[in-house]
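Undergrad: Attaching a single structure in structure tokens format; questions to follow.
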Amino acid sequence: MSQSSHGGLCPSEWVPSAGARSMRRGTPAVPRIRAWAAVIGAWTCAAGQPLAALDSPDRVRYDGEMVVRVTIRDSRDLFLVNQVSPDCWSHSPGPADGMGWGTLDYRVGAAGLEAIRASGMAHEILIPDLQAVIDAEAMRLSGGVAGRGWFEDYKTAEQVRAFLEQLAAARPEIARLETVGHSLENREIYALRLSGPLSPGVGLRPIVLINSVQHAREWITVMATSYLAEQLVTLYGTDARTTGILDRYEVVIIPVVNPDGYAFTWTTNRFWRKNRRPNAGGTFGVDNNRNWGFAWGLSNGSSGNGSSETYRGTAAFSEPENAAMRDWTLANPGVVMHLDVHSYGQYILYPWGYSALPTPGVGALQRLAVGMRDAILDSGGVPYLAGPCYQTLYPISGGSLDWYYGARSVLSWTPELRGPGFNPPPEAILPTAREWHEAVMWLAENFCAADVDRSGFLDTDDYDRFVTAFEEGDPAADYDRSGFVDTDDFDAFARAFMEGC
Ligand code: 0X9
Ligand code: ZN
């Protein structure tokens with residue numbers, strides 16, 4: 001049996017949701033011909049760890065279990081499913097959309113299904129045999145993928161690292177692999193740092209930080225961020241958009257921030273979510289996305305129980321993975337935007353997670369979230385729902401987006417990629433990765449640093465605020481990130497302001 005708790009991730013009470021999701025579809029993306037195909041094609045299984053060696057004899061099995069999508073009518077339905085299921089897999093808009101309580105995905109056994117049937121709740125079996133899905137996936141992965149493209153199946157953290165190493169070795173002038181820190185079990189948390197060569201005298205570039213897999217079982221997110229790395233590295237210098245972005249920003253990609261949990265999903269329990277902290281009382285794991293130090297510890301949005309899938313840990317930043325990300329971020333004050341990539345559900349969430357209070361500066365968060373959603377649709381991707389986390393999904397206390405936004409003033413979003421479930425077929429990897437590559441390109445091109453009050457538009461308030469900060473020598477006026485406030489900052493701000501960003 002898995003070691004997850006009753007109650008899973010689903011809240012016991014719903015809160016008002018944002019508007020209905022758009023169903024517009026665009027034209028399919030045209031596949032790119034890549035000059036670096038030879039480099040990527042040189043990838044072999046040997047670059048990673050042999051998959052057979054990763055298997056453990058005490059693999060957790062899910063025999064007789066399935067995933068059911070239920071339509072919740074009232075709080076009694078919600079109570080019942082949370083009683084009969086050990087693990088809620090999804091989220092959906094709440095009652096404020098006027099459509100009732102929405103649908104939720106639960107992992108259940110035969111008895112759970114029977115109880116749902118007996119209650120009269122409308123339901124649909126999404127995944128009839130979870131163990132069969134795990135077996136098929138393991139079989140496929142152990143068969144090796146030699147001769148197939150790198151993005152045609154899921155990869156271990158070691159394989160991803162080897163892949164990023166090859167990218168960095170191929171283009172050392174723009175790509176560098178670095179260590180962010182180490183996990184509880186002392187696995188490396190690595191990052192790929194990308195930027196065009198700096199011309200002399202130019203200050204540091206603003207940083208776009210992108211990480212995936214805080215939640216171990218959300219495998220498709222690792223492939224999406226790896227794809228982004230590959231596209232940026234291979235297209236720099238030939239594609240004008242990519243070149244423009246990497247000449248204006250540093251993009252830092254951390255594909256595996258929870259390496260212990262991720263390894264555990266490969267060896268032992270495919271549906272493990274948390275890290276591998278041994279808790280008091282013999283339970284395992286802290287939810288890294290409840291351990292960040294902004295509005296940490298609220299019961300509405302995290303749990304104090306070590307057996308819960310949303311266990312927050314004993315203190316904010318008690319977990320080495322979170323502390324490593326925090327310390328890296330403090331050491332890199334240039335971070336202006338952050339994406340913490342999760343799956344699944346097709347959402348683009350922004351702060352707050354901890355509260356329904358209006359988010360200051362929500363205009364920029366909203367404008368850019370909607371822009372990413374539209375960029376995905378326009379490129380032939382699937383519909384995503386954009387909105388503030390608390391109202392759109394559920395309350396989260398100690399989530400990454402609140403810390404980045406609330407403590408660091410970094411614009412932060414949490415995308416929930418495609419599902420359903422945590423084992424999308426390998427054919428889903430490239431379409432999902434491509435739509436997020438489009439979204440990140442759009443984001444980088446449409447971020448407006450001169451919108452200093454983050455209202456989502458440029459106006460005299462921005463001008464006034466910048467000038468005040470400038471006159472006071474406030475580091476917030478270090479527009480070109482040179483480390484000091486001088487007339488170059490004023491010139492750069494004024495130019496951006498006049499040009500409308
Ligand atoms: O519960 C979570 O942490 C995320 N959903 S998931 O199914 N991937 O577990 C939602 C994250 C929302 N964002 C934050 N408030 N950080
Ligand atoms: Zn997640």
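Undergrad: In nm, what is the difference between 0.36 nm times the number of residues separating Thr179 and Glu445 and their Cα-Cα distance?
TA: Roughly 93.0 nm would be gained on extension.
Undergrad: Just need the relative contact order of the range 243-286 here, percent rounded to a whole number, with Cα pairs under 8 Å and 6+ apart.
TA: Averaging sequence separation for qualifying contacts and normalising by length gives 24 percent for the range 243-286.
Undergrad: Turning to a different aspect of this structure: Quick check: residue separation of Thr243 and Arg148 times 0.36 nm, minus the Cα distance between them. What number comes out in nm?
TA: Full extension of this stretch gives 31.4 nm more.
Undergrad: In whole percent, how big is the carbon plus sulfur part of the accessible area of the range 174-302, probe 1.4 Å, protein atoms only?
TA: Result for the range 174-302: 56 percent of the exposed heavy-atom area is carbon or sulfur.
Undergrad: A follow-up question, please. What number comes out for accessible area per residue over the chain if the probe is 1.4 Å? Units Å², please.
TA: Spelled out: the 1.4 Å probe surface of the chain, per residue, equals 39 Å².
Undergrad: May I pose another question? Would you mind calculating the relative contact order of the chain from Cα pairs under 8 angstrom and at least 6 residues apart, reporting the percent as a whole number?
TA: The normalised contact order for the chain reaches 17 percent.
Undergrad: Taking N as the number of residues in the chain, what is its Cα Rg relative to 2.2 N^0.38 Å?
TA: Computed over Cα atoms of the chain, the ratio equals 0.96.
Undergrad: Another question, then. Once you put a point 7 Å from the Cα of Ala356 and another 7 Å from the Cα of Arg59, both along the Cβ direction, what distance in nm separates them?
TA: 4.5
Undergrad: Still on this structure: Rounded to the nearest 0.05, what FRET efficiency is calculated for Ser482 and Thr267 with R0 set to 51 Å and r the Cβ-Cβ distance?
TA: Efficiency for this residue pair is about 0.60.
Undergrad: Would you mind telling me the share, in percent, of accessible area of the range 112-161 contributed by carbon and sulfur at probe 1.4 angstrom?
TA: 57
The values are calculated or read from the model by the stated rules, or taken from the named source; none is laboratory data. Computed from a prediction, not measured in an experiment: that's the story for all the values here. Please note: Cβ atoms are built from the backbone with ideal geometry, for glycine as well, and neighbour counts cover all protein chains shown. With ligands, DNA and RNA removed, areas are computed over all heavy atoms of the protein, side chains included. Shrake-Rupley method; radii C 1.70, N 1.55, O 1.52, S 1.80 Å.
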